[in-house]
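For reference, the structure discussed in these notes is given below.
The values are calculated or read from the model by the stated rules, or taken from the named source; none is laboratory data. Quick caveat: nothing in here was measured; it's all calculated off a predicted structure. So basically every Cβ, Gly included, is an ideal-geometry build from the backbone, and we count neighbours across all protein chains shown. Note: areas computed on protein heavy atoms with side chains; ligands, DNA, RNA excluded. Shrake-Rupley method; radii C 1.70, N 1.55, O 1.52, S 1.80 Å.
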Amino acid sequence: SGRPGVKALQYFLGALALGSGISIVALTAEAYETWKSILDIAWKSGFSKSNLDVAMMSPTALKTHLRSPHYSFVYAGSYVKMHKELYSDILDGESLTKEMRKILSEADGVSMTQPQMVLDQLVWTRSLAINTMRHGAPLELST
């Protein structure tokens, strides 16, 4: 569709708030013009064009773009319509060699009334394991 939905705009604003770079791919001229007008406002407000861009691509070019390993999140809009193509392109080639991927969509179940839930979708939680065993410590348990 040419117009972004409420969830797409919330993810867009959430990514901006967190300082993430955003690349928007439009598959139609209408979608491109809509997103370009939104990004024009952001660029005039001081956001860098190197961190925030929009491009119009053919479905074939998009498939090639999805195989790139240089991004972490994909907002798929009406994901149900693109499920098979999206997964086959994201999991193909070099796409997972540098970054894990999270696919976001209109159907992901995130409550739009809670901004923290939107922001949480755009942050990779790191886990930390601490090894408390000293070098040379015995591995058996004594009773």
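Does residue 118 fit the bill of being of a type in the set (Val, Ile, Thr), modelled with pLDDT under 70 and in a helix (DSSP H, G or I)?
no
If you go through segment 1-37 one residue at a time, how many are open to solvent by 50 Å² or more (accessible area, probe 1.4 Å), over 24 Å from residue 67 (Cβ atoms), at pLDDT 90 or above and among the hydroxyl-bearing types (Ser, Thr, Tyr)?
The total comes to 1.
When the residues of segment 38-59 are narrowed to those that are in a helix (DSSP H, G or I) and open to solvent by 60 Å² or more (accessible area, probe 1.4 Å), which ends up nearest to residue 114 (Cα to Cα)?
Residue satisfying both the conditions and the ranking: 41.
Give 69, 138, 59 a once-over and let me know the one that is over 16 Å from the mean Cα position of the chain (by Cα) and modelled with pLDDT under 75.
Going through 69, 138, 59 in turn, just one is over 16 Å from the mean Cα position of the chain (by Cα) and modelled with pLDDT under 75: 138.
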